[in-house]
Structure formats: structure tokens, C-alpha cells
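Scroll down for the structure; my scribbles are underneath it.
FYI, it's all coordinate maths here, none of it is from the lab. Treat the numbers as computed from the prediction; the structure is a model and nothing was measured. Note that each Cβ is placed from the backbone with ideal geometry, even for glycine, and that neighbours are counted across all protein chains shown.
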Amino acid sequence: MPMHKTSAWPLALVYVGLIVYASLYPFTYWRDQGVDFWWYLSAPLPKYWTGFDVVSNVLGYMPLGFLLALSALRSGRERLALRWAILTASLLSLAMETLQVYLPRRVPSNLDLLLNIAGAALGAGSAWSLERLGVLQRWSRFRAQWFVEEARGGLVLLALWPLALLFPAVVPFGLGQVLERLEVALADALADSPFLEWLPLRDLELQPMLPAVEWLCVFLGVLIPCLLGYCIIRTKARRAWFLGWVVVLGMGTTALSSALSFGPQHAWVWLSVPVKAALISAVLLAGALIWTPRRASAALALLALGIDVSLINQTPMGPYFEQTLFSWEQGQFIRFHGLAQWLGWLWPFSTLVYVLSLLWDREVKN
């Protein structure tokens, strides 16, 4: 049976990366603690644990089991789907728990290992059951009706966009602010070395964002995922439905991020009059661009990404934004160790590469 190109496999790879990050954070102070690396496997089960620990370990590996099983099912390996998913997730969890033996800030646990395997099994079983019930076939038909054949990369990016918005941004929908952090990281890495003198310095300090620039960044931040969707969605009517979902998911996720940072009563504090104006303007323009051909949509997305990333990275974080990050990191997502920040930083650049590949591909039809 020919391989079926599915979004499940790249999503599974992304999720593996997130699990590795969450399991080994903060990646410092590695050392041999004088114990066997397998000691936790035969240790008694922990006496003290919380419901959150159980739920987070099970739910943390359920999507991985689901995606691994789904990738096998979509690739024509039905007989191996369950075993492949559970075995792969089990080996990953075993590796992560074993590496934590050498991280003093992390505590390896046989209970965590068992819960991770249980979560992966539940996820894989869900994928297998949905396949047997015909739900996944309905999704395949839905995808064929809505999206072009080579839509895998775009679908993965669109699925990650709401997650990227969970990380607080200097301006609503403003993803990809990496310049200031990159400069600091490079300076720290090159400290006490002759290479520090080679580090390029900015002629001017980063300036606070002007209201007009803030409006433009919000405007482009909403417009970019719309244009990305237009690159892979077949019909104009379905693009209109998609536009509505972009607005709903974008606003909902931003409100959730604000609620986690400042409390539920401040969930909509970010929705100021300029932000509302930018949202309305972006929706109106995105609606007018529904008839834009795929290649033209990719070109417009490339232009919008270039302007947006350039403007965002000319703005400093500032003490108020740093306080926001501190509050967020001490909030309900602290156990995920800021995974969403990597999505928030890298999503625009990954999208930039994707739309460039569409423009480079001569087979992309208008």
C-alpha cells in the first residue's frame, strides 16, 4: 500500500521535541550523582503524589500515542499501529526518566514512567478505535474536500498557531520576538572569549512601540494565519468559514493567556480600542482576499511575515512585559516549563520557510 502523506507524523515529531524539552528542562548542572541509572525502576512507588501529577503525566503522553498510532494507520500499517505507538512512547519515557537521574533538579520516578505508558496506550487506543468506527475516514474525506493534497505543512502550522499564542507577547498576536533574547544569549555564550568582540552591535537602542506600529503588528498578526490558510484551502466559501475560526481561536487563546497571567477577571484586558480596530481591519481585508489565488496568498503572507517580524524585533521587552512573563511562568503552566514560548518564538520563522517553499514550488497552482 502506498504511503499516505499525513499531518500526524510531523505533529508527532514536534510533540516528541516538546516532551524532551519538558522532561529535561532546565538542561543545566548535569552530573553523576553516584547512583545506578536504573535505580528508580526497582524503587518503591512514591508515597506522595497529587492528582495533578497523575493527570499531567497521563495527558502529557496521550497525544503522542494518538499521533504515533495515527501516523501508522494513515501509512497503511494497521497491524503494527498500537504496538508501534506504545513501544515508541515507552522508550521515549524510559529515556527521559533515565536522563533525569543525572539532573539534580529533576526526580526520576517509576510511577511517572507507568503513567506515561498508560497515557500513550490510551492515546493509541483512541486512534485505533476512531479508525475502526470510521471517524478518521470522515476526517480524510473532510480534508480532501477542504484542503489541497500537499497541505500537510500548512495544517501543522495552523494547528500550532493557537498554542503559540499562549505565550505572552509584547503585543497581542505578536509572535517571533527573538532579537533581544538572541543578543543576550550570544553575549552570554561568548563571554570571556575573543569571539565576543565579533558580536555585531546595534547602532541604536530598541525603541518602545508606537501606537501606529502596535496597530500594524496586531493587524498583521491576525492576517498572517488567514493567508496561510488560503494557501491550502480549496474553495472561497470554506475560506470564509476558516476566517471565522481564526478570529475565534485567536481571541480565545489570547484571552486564556491573559487569564493565566493576571487572573480570570483580566482575561480581556488586552482587547483595547486600538486592538479592536486592528482586528476589525484585519478581518475586513482577509475577507476581501478570500478570492486570492494560492500563490498570491503565499506571496502576501511572505510580505506580511517580513514586515511583522521586523517590527516586532525592533521593540524591547521592557520591565512591564518582563513582569508579565514572571507572572505567567509562576502560573498554572509552570510544570510545562515555558514550552509555548518556543512556539511563540519560532512559529513565524517556520511559516516563513513554508510559504517560501510554496513560492519556490512551480507545481503550486493558482
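What the table shows:
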item	result
Inter-probe distance in nm under a simple model that places probes 7 Å from Cα toward Cβ, at V135 and V213	4.7
Length released on extending from L99 to V35, taking residue separation times 0.36 nm less the Cα-Cα span	21.8 nm
Efficiency of FRET between R106 and L80 - r from beta-carbon atoms, R0 30 angstrom, step 0.05	0.40
Reference-scaled alpha-carbon Rg (2.2 N^0.38 Å with N residues) for the range 206-306	1.15
Contact order relative to length of the range 8-146, as percent, for alpha carbon pairs under 8 angstrom and 6 or more apart	35
Cα pair distances exceeding 18 angstrom across the range 8-146, given as percent	58
Zone residues, the range 291-306, relative to T235, backbone N less than 19 Å from point 7 Å out along Cα-to-Cβ	291-294
Ascending count of other beta-carbon atoms within 10 Å, so fewest first, for D308, D32, D361	D32, D361, D308
